[in-house]
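Q: Dropping the structure in here first, questions after.
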Amino acid sequence: MNDASKQISGFFGGHGENGSPLFQYVQSMSPETIAQLSRPDSMEVFQVMERNIIGLLGGLPSEQFDVTVTTNREHLGRLLASAIISGYFLRNAEQRLAFERSLQTADSSSDQDS
């Protein structure tokens, strides 16, 4: 196993050549499934993620500056991990908000029926 495979497998907590069940599961996903899971449901989440990444990389407007970002594999991996964690948090917050709104709607409907 090469060094990059060890790092990716290590990120998922893998042990040995086959990696962890989570790593194997992610590898088995179709590109369509990964694209669907990677796309936020709301424009608000997309904008928050965009602002977060711009904040991490620097906020110079590309139309006025020729911006180039240079990094190494380790730092790029950390940036990716940060984006994944932020996305996971925002997705959970988005789902919780939708759940709370549906509960409020259900409560107001039941109050009106009474």
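The values are calculated or read from the model by the stated rules, or taken from the named source; none is laboratory data. Owing to the predicted nature of the structure, the values given are computational and were not obtained by experimental measurement. Virtual Cβ from ideal backbone geometry, glycine too; neighbours counted across all protein chains shown.
Q: Suppose we filter I84, I53, I34 for residues that are in contact (Cβ under 8 Å) with a residue 24 or more places away in the chain, surrounded by 10 or more Cβ atoms within 10 Å (Cβ to Cβ) and among the β-branched types (V, I, T); which single one remains?
A: On inspection, the qualifying residue turns out to be I53.
Q: Looking for something closer than 30 Å to L97 by Cβ, hydrophobic (A, V, I, L, M, F, W, C) and either free of Cβ contacts under 8 Å to residues at least 12 places away in the same chain or not assigned by TED's automatic domain parsing to the domain that holds Q95 (or both) - is there at least one such residue anywhere in segment 56-75?
A: No, segment 56-75 has no match at all.
Q: Right, next: Take the residues in segment 10-50 that are touching an Asp or Glu at 6+ places or on another chain (Cβ under 9 Å) and not hydrophobic (A, V, I, L, M, F, W, C); name whichever of them is modelled with the highest pLDDT. Give the steps one after another, and end with the answer.
A: In the first step, residues of segment 10-50 are kept if they are touching an Asp or Glu at 6+ places or on another chain (Cβ under 9 Å); the result is 40-42, 44-45.
Going one step further and asking which of them are not hydrophobic (A, V, I, L, M, F, W, C), we end up with 40-42, 44.
Numbers: P40: 75, D41: 75, S42: 80, E44: 86.
Among them, the one singled out is E44.
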